[in-house]
Structures are given as structure tokens and as C-alpha cells.
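**Student:** I am attaching a structure below and will ask some questions about it afterwards.
The values are calculated or read from the model by the stated rules, or taken from the named source; none is laboratory data. Computed from a predicted model, the values in this text were never measured in an experiment. Neighbour counts are summed over all protein chains in view; Cβ atoms, including those assigned to glycine, are modelled from backbone coordinates with ideal geometry. Remember, those area values only see protein heavy atoms, side chains included, never the ligands or the DNA or RNA. Shrake-Rupley method; radii C 1.70, N 1.55, O 1.52, S 1.80 Å.
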Amino acid sequence: MIIIKKNIKNFIINILILIFSIIIIACLYIKLNFKEQTIEEIIYYLVNDAGQASTDVFITAIIKSIIPFIILIFGLLFLKNKLFKNKEIIFTTILFLLTLVVFIVSLRVDVFIKNNLQSSSFIEENYVDGREVNIKFPEKKRNLIIIFAESFENSLINKELGGGWDYSIMPEMEELALNNLNFSNNDKIGGFYHTNGSTWTVSGLVAITSGINMKINMANAYFSNNFMSGACSLGDILKENGYNLKICMGSAAEFGGKDNYFLSHGGYDIFDYNYAVENGYMKAEDKVWWGFDDSDLFKWSKEETLKLSEENKPFNLIIETANTHFENGYLEENAPNNFNSQYENVHSYSSTQINDYINWVKEQDFYEDTTIVVLGDHLGMQTDFYESNMTPGYDRTVYNVFINPAVNTSNNKNRTITSFDMYPTILASIGAEIEGDQLGLGVNLFSKKKTLSEKHGYDYVNNEVGKNSNFFNHYILGEDYLDVIRIGK
């Protein structure tokens, strides 16, 4: 009987060692490869639909982690059997505490808890609801094409032009920024900063198109079809003004609740991986990366662009790329290999693909009445890749360029701007006049008005929007507040 109890005890301890080892290795992998990753994003995707994520991302993580995992397991078993023999409870307690520390430090759980315990009235004091201000469109409304380039940031631009690289990875994006309107944090090619709650794809899209960040805690999980129902977004305003709305993406739209957001705010028609399969554009077994690659994305987006242009209404087409998603991106078979790393080659080819689509649009009859905006959704998450290659101390910002806007400005350099400011600026770029030049937490950059980050300082704004906000919970989330409590009902 004693032997059986001892075996059971030993089995349980070994299972705990296995679990703790998985947690430690996973946390260290994230910390070493994605230093800016936080528990906030992980919680978001755990409680939303993460099943549509690319398997390549997980396979890469497993391959990179398997050897450290084996070493850790054998090391812990050695310690348990040699140094802590007959002291298994003490050993397990120490291991649990070590795992807890690694978890908290690597995923910045302490910051997450602190932000949720601290309250701020900053959002309430500065938020401008688009439904409560006058927004006047020109008599002849312009078309709007927005290209969200996954993880596009300015560090990959040649340092001579304002970037952080010793050579040009994305020459087409450099030329576009130089020859068109680029809002910059310096006097060369630069960009905008993302903030707390806008650092991953879904949150980046929300911040740029609604002027407000997402807040993640255990009382709101964004499951609902009424995704942030209190927010007034770009899609809401364009829909109200008679625009046809379409979004094209190579992934499944339900990943992370993107479908809920774009359906709730404007009722966008969605062309995604599932649509492509259901309508015969491709077979499910032909899936690559997150769904279909960016070559197919732009091929089918051209078809959708022409369909929209034939309607007797202005249109907003959003195109979301995916090839440059972490880790190391997806390098298509026909992509050139001009650089040493795959991620450089993926970015280079993505730059070419985006530029080719823009040049195609310029050849169309409707281009004269069309504004094209190219934006990164957030900074790249693969921190080690950037830090290992870019100029030390380079100030990383998100890429942006406005092509053929209805208005212009010379006040586009040496600005302190965030994702929020893109929202009213995009509207102004198609000729909309915004009462007060502010929407959400963003300021129209074509105006002479200072952004909130220029007025208060970026660090202050970033800290304040990260804190708990009763206004956000009850006004922006509305009925969806306390979603988690209703999960089991």
C-alpha cells in the first residue's frame, strides 16, 4: 500500500514537472522572440476564435522549443531525484514559484493586473463620438482603398531615408512614402506609434478605424456580434454616407473576431478564406499559411475593386495582407531571394505586391476619384529580428502613406502621432470636414490641431489608455460588458 501511494505521489509530481516545464519554455520562447508580447493579447485570443491561426506559427514554436524543453525536463528530474530526494514537496513548491515568476515577468502580468486595478478618466475626458459631431462630405464623394500591411514598420526602410536598416528591403514603400504624403515622427520617412491595447492585428485595426484601443480583462471578451457597440467607427460613418463597404483578407475573418467588428460597424461584405472556399475560388486542401497567400489576395482584390467601381456608389475597400505575419512570414514560391533572411525576403516581396496593386489602380478610370492609404496594423512582433538588424536606438514606428488625398498638408513631419490619429485623418483624406477635427481619441493630422500625444506626451497617453475605464466598459462595450460571466449560460 505504501509503495502504491509513493508511486502515485511520484506520478503526480512528474506530471506537475511536465506542466511547469511547458509553461516555462512557452513563456521563455515568447519573451526571447516577442519581447513586447503581453498576457493581454494571449487572453484575447484564448477566449476568441484562435482555431483559425496558421499551424506554421505553432509548428515553428514547437521546433524551436523542443530541445530546450527536453534539457529542462531532464535537468528538473535530476534535481528532484538527486538533490531533493525524499523532499519532493519542497522541490515541487520551489518549481511552482519559479514557474509563477517566469510567467509574470515574461508576459508582464504585473502590468496587466496593475492596469486593471487602476482607473483613469482620460478616455472619457478626450473621446469624441462621431455621431455627435458634424461630418460633412464633399458633393462628389471619393472612393477609399485602405491596405493594411501586416506588421509593416519603418525600421525596414533604409536608414538614409529615415529607417533603421543599412540597406533597402522595401524600395517600393520607400518611393511611395517619398513621393506621396507620409506622416512622420522625424524629418524623413517615419510613422506613428501604437499604444496599449492596439499592438496586435485586431486591436490595431480597431484603433486605426475607431480611434480607441481595446481593453482586455476577465470581464469583457469580445465574443458578441455587437463588437464594441458604443464605438463609432470609419465603417459606421461611411455606411451612413452611402458607401459600399468590402474587406478582403487571406485568413478566416472569424479569427480574433474580425468578422464581428466589421459586420457590426458598417456591415462590410467579407471576402476571406472561408468565402474563397465556399465560392469555388480555391479548395480547402489548398490552404497555405493563414488561408491563401497575398498573390491570390491581390488577384481577387482586383476583381472586387472592379465590381465596386461599377456600382453607382462610392466605395471603401479594405485589403488586409498576411504574408508578413510572424514568425518569419510566408515566402511564396515565386518570391525572389535577394536577402539573407526569410523575413527580409517576405517583406521585400510584399512591398512589390502592394506597389503592383497600387499601380494597377492608377491605371483605372476611377483612380482620379480614389484615395489609397497604406498602413501597417502595428509594429512587428518579432522583436529579436528587428533588434538584431536595425540601427541601435532606432525609434520604431508604424508605416503609413496617403496616395491621391483630397487635401494636403506641409505639417506632416516631426509629429507625435498614434494609431488613433489615423481614424479622422483617413476621413479627412477623402475630403470629409470634421467638426473639431477630432474623432475617438484621434486628431485630424491635416488640421493644425495638436494630437493628444503632442499635447500630453506619448508615454502619458499610452499609460492612461491602458488603465481601466468605466466609460469604456459601459459606453463603448455597452451590453457586452461582463461577457465572461455569461460564458456558461
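**Student:** If we keep just the residues of the stretch 402-452 that are of a type in the set (D, E, K, R) and outside any strand (DSSP E or B), which is farthest from GLU125 (Cα to Cα)?
**Tutor:** If we take residues in the stretch 402-452 being of a type in the set (D, E, K, R) and outside any strand (DSSP E or B), then LYS413 is farthest from GLU125 (Cα to Cα).
**Student:** Against the condition closer than 21 Å to SER198 by Cα, among the polar types (S, T, N, Q), touching a helix residue (DSSP H, G or I) at 6+ places or on another chain (Cβ under 8 Å) and in contact (Cβ under 8 Å) with a residue 40 or more places away in the chain, how does THR425 come out, does it pass?
**Tutor:** Details: closer than 21 Å to SER198 by Cα: yes; among the polar types (S, T, N, Q): yes; touching a helix residue (DSSP H, G or I) at 6+ places or on another chain (Cβ under 8 Å): no; in contact (Cβ under 8 Å) with a residue 40 or more places away in the chain: yes.
For THR425, the condition - closer than 21 Å to SER198 by Cα, among the polar types (S, T, N, Q), touching a helix residue (DSSP H, G or I) at 6+ places or on another chain (Cβ under 8 Å) and in contact (Cβ under 8 Å) with a residue 40 or more places away in the chain - is not met.
**Student:** Looking at the stretch 227-236, can you tell me whether even one residue there is assigned to a helix (DSSP H, G or I), closer than 29 Å to LYS467 by Cβ, open to solvent by 10 Å² or more (accessible area, probe 1.4 Å) and not hydroxyl-bearing (Ser, Thr, Tyr)? Break it down stepwise before answering.
**Tutor:** Start the filter on the stretch 227-236 by keeping residues that are assigned to a helix (DSSP H, G or I), which leaves 234-236.
Checking which are closer than 29 Å to LYS467 by Cβ leaves us with 234-236.
Restricting the remaining residues to those that are open to solvent by 10 Å² or more (accessible area, probe 1.4 Å) gives 236.
The next check asks that each one be not hydroxyl-bearing (Ser, Thr, Tyr); those that pass are 236.
So far as the stretch 227-236 goes, yes, one or more of its residues are assigned to a helix (DSSP H, G or I), closer than 29 Å to LYS467 by Cβ, open to solvent by 10 Å² or more (accessible area, probe 1.4 Å) and not hydroxyl-bearing (Ser, Thr, Tyr).
**Student:** I'd like to know if the stretch 53-67 contains one or more residues that are under 30 Å from GLN342 (Cβ atoms), within 34 Å of the chain's Cα centre (by Cα), modelled with pLDDT of 80 or more and open to solvent by 90 Å² or more (accessible area, probe 1.4 Å).
**Tutor:** yes
**Student:** Determine whether THR199 is among the hydroxyl-bearing types (Ser, Thr, Tyr) and either open to solvent by 10 Å² or more (accessible area, probe 1.4 Å) or not in a helix (DSSP H, G or I) (or both).
**Tutor:** On the way: among the hydroxyl-bearing types (Ser, Thr, Tyr): yes; either open to solvent by 10 Å² or more (accessible area, probe 1.4 Å) or not in a helix (DSSP H, G or I) (or both): yes.
Yes, satisfied.
**Student:** Consider THR418 against the criteria (1) crowded, with 21+ Cβ neighbours inside 10 Å; (2) free of Cβ contacts under 8 Å to residues at least 40 places away in the same chain; (3) not hydrophobic (A, V, I, L, M, F, W, C): it satisfies all of them except one. Which criterion is unmet?
**Tutor:** Among (1) crowded, with 21+ Cβ neighbours inside 10 Å; (2) free of Cβ contacts under 8 Å to residues at least 40 places away in the same chain; (3) not hydrophobic (A, V, I, L, M, F, W, C), THR418 violates only (2).
**Student:** Checking the conditions here, which among SER119, SER151 is closer than 27 Å to THR397 by Cα, among the hydroxyl-bearing types (Ser, Thr, Tyr) and either open to solvent by less than 30 Å² (accessible area, probe 1.4 Å) or more than 23 Å from the chain's Cα centre (by Cα) (or both)?
**Tutor:** Checking each option against the conditions leaves just SER151.
**Student:** Can you tell me which residues in the stretch 163-177 are in a loop (DSSP other than H, G, I, E, B), open to solvent by less than 10 Å² (accessible area, probe 1.4 Å) and over 11 Å from HIS347 (Cα atoms)?
**Tutor:** Residues of the stretch 163-177 that are in a loop (DSSP other than H, G, I, E, B), as a first pass: 163-164, 166-170.
When the remaining residues are screened for being open to solvent by less than 10 Å² (accessible area, probe 1.4 Å), the result is 163-164, 169-170.
Across the stretch 163-177, the qualifying residues are GLY163, GLY164.
**Student:** Looking only at residues in the stretch 441-467 that are open to solvent by 40 Å² or more (accessible area, probe 1.4 Å) and of a type in the set (Asp, Glu), which one is farthest from the chain's Cα centre (by Cα)?
**Tutor:** Result: GLU454.
**Student:** Here is a further query. Scan the stretch 366-393 for residues that are at pLDDT below 95 and more than 19 Å from the chain's Cα centre (by Cα) and jot them down.
**Tutor:** GLU387, SER388, ASN389, MET390, THR391, PRO392, GLY393
**Student:** Give me the residue from the stretch 429-440 that is small (Gly, Ala, Ser) and crowded, with 24+ Cβ neighbours inside 10 Å and, out of that set, farthest from VAL128 (Cα to Cα). Walk me through it before giving the result.
**Tutor:** First pass over the stretch 429-440, keeping only residues small (Gly, Ala, Ser): 429, 431-432, 436, 440.
Next, from what is left, pick out any that are crowded, with 24+ Cβ neighbours inside 10 Å: 429, 440.
Numbers: SER429: 19, GLY440: 5 Å.
Looking at the filtered set, the residue picked out is SER429.
**Student:** Right, something else. Could you say whether any residue in the stretch 290-312 is open to solvent by less than 10 Å² (accessible area, probe 1.4 Å) and part of a loop (DSSP other than H, G, I, E, B)?
**Tutor:** Yes, that holds for at least one residue.
**Student:** Separate question: Consider the stretch 333-365. How many of its residues are surrounded by fewer than 18 Cβ atoms within 10 Å (Cβ to Cβ), under 24 Å from the mean Cα position of the chain (by Cα) and under 20 Å from ILE147 (Cα atoms)?
**Tutor:** So the answer is 3.
**Student:** How many of the residues in the stretch 268-319 are among the charged types (D, E, K, R) and on the phi > 0 side of the Ramachandran plot?
**Tutor:** Qualifying residue count for the region: 0.
**Student:** Consider the stretch 327-358. How many of its residues are without any contact (Cβ under 8 Å) to a residue 12 or more places away in the chain and either under 16 Å from TYR167 (Cα atoms) or of a type in the set (A, V, I, L, M) (or both)?
**Tutor:** Adding up the residues that qualify gives 3.
**Student:** I'd like to know if the stretch 277-286 contains one or more residues that are of a type in the set (Phe, Trp, Tyr), open to solvent by 30 Å² or more (accessible area, probe 1.4 Å) and either over 22 Å from PHE255 (Cβ atoms) or not in a loop (DSSP other than H, G, I, E, B) (or both).
**Tutor:** no
**Student:** Follow-up. Any residue in the stretch 237-260 that's more than 25 Å from ASP129 (Cβ to Cβ): show its pairings with residues that are surrounded by fewer than 21 Cβ atoms within 10 Å (Cβ to Cβ) and of a type in the set (Val, Ile, Thr) at Cβ separation under 6 Å, as long as the two are six or more apart or on different chains.
**Tutor:** ALA253/ILE270
**Student:** Specify the residue that is modelled with the highest pLDDT; the eligible residues are those in the stretch 77-110 that are part of a helix (DSSP H, G or I) and in contact with an Asp or Glu (Cβ under 9 Å, 6 or more places away or on another chain).
**Tutor:** Taking the stretch 77-110 as the starting set, the residues that turn out to be part of a helix (DSSP H, G or I) are 77-83, 88-106, 109-110.
Now narrow it down to the ones that are in contact with an Asp or Glu (Cβ under 9 Å, 6 or more places away or on another chain): 80, 104.
Numbers: LYS80: 75, ILE104: 83.
Checking each candidate, the answer is ILE104.
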